Amino acid sequence: MKLKKRTKQSRMHGKAMGSHGWGARKKHKKTGHRGGKGMSGSGKRADQKKTLVTKKFGHSYFGKQGITSRGTKRDKRKRINLQEIELHLEKYAKKSGDKFEINLQKYKILGTGEVKNKLIIKANDSSKSARKKVEAKGGEIILPTKKAPKTEKEQKQE
């Protein structure tokens, strides 16, 4: 896809090419007819901007892209599978004796994969299957303690 296009003056010079296909010579000489810089002039007859738009913004510029309501938020929490931890133990873990200590406090541990070593993992959250697999090998997943909501009596005392 070409982004820099030769001007019509340089392409169309030959016999009877004074108008370059625009009728009168005065009608289409300067850039005023093509809009300005950036995305100006990208309206109804914006063929001259099409290559710029598709290169710079991709094909998602045209048409409808759909909506999400304000209440809908994407779950951005980080997750990691046991399989990934086992594959890259030297990256994540510190060995102390026969067990591996792993600090993944921003992650949720998911249960895909097999556990071959004794793992002690500090994590934000974990699935039931991950906990079962780690505990079966003699390890544990340490989660942050969550404070229980205050009862009505405790609230009145304050």
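Bear in mind these aren't lab numbers, they're just calculated from the coordinates by the rules spelled out. Keep in mind it's a predicted model, so treat the numbers as computed, not measured. We place every Cβ from the backbone using ideal geometry, glycine too, and count neighbours over all the protein chains shown.
With the simple model of a label 7 Å out from the Cα in the direction of the Cβ, Lys122 to Lys26 spans 8.0 nm.
Net length available on complete extension from Tyr61 to Glu135 is 21.6 nm, with 0.36 nm assigned per residue and the Cα-Cα distance removed. Counting only Cα atoms, segment 25-125 measures 87, 32, 20 Å along its principal axes, largest extent leading.
Computed from the Cβ-Cβ distance with R0 of 25 Å, the FRET efficiency linking Met12 to Ser42 stands at 0.55. Each residue of segment 92-103 was assigned a 3J(HN,Hα) from its phi angle through the Karplus expression (A = 6.51, B = -1.76, C = 1.60, θ = phi - 60°), giving 8, 10, 10, 8, 9, x, 9, 10, 10, 9, 10, 10 Hz with x at Gly and Pro.
Under 18 Å from a label point set 7 Å out along the Cα-to-Cβ vector of Lys2, the amide N atoms of segment 31-62 belong to 46-56. Each DSSP beta bridge with both residues in the chain is either parallel or antiparallel, and the antiparallel ones are about 20%.
Comparing Lys94, Lys55, Lys122 in a Gaussian network model of the chain, where Cα atoms under 10 Å apart are tied by springs, the biggest mean-square fluctuation is seen for Lys55.
With runs of 4+ DSSP H residues as the only contributors, calculate the mean residue ellipticity of the chain at 222 nm using -39,500 (n - 2.57) per run, divided by the residue total and rounded to the nearest 500.
Theoretical 222 nm ellipticity from helices: -5500 deg cm²/dmol.
One equal scatterer on each Cα of segment 78-142, no solvent, Debye formula: the resulting log10 I(q)/I(0) at q = 0.23, 0.27 Å⁻¹ is -0.89, -1.30.
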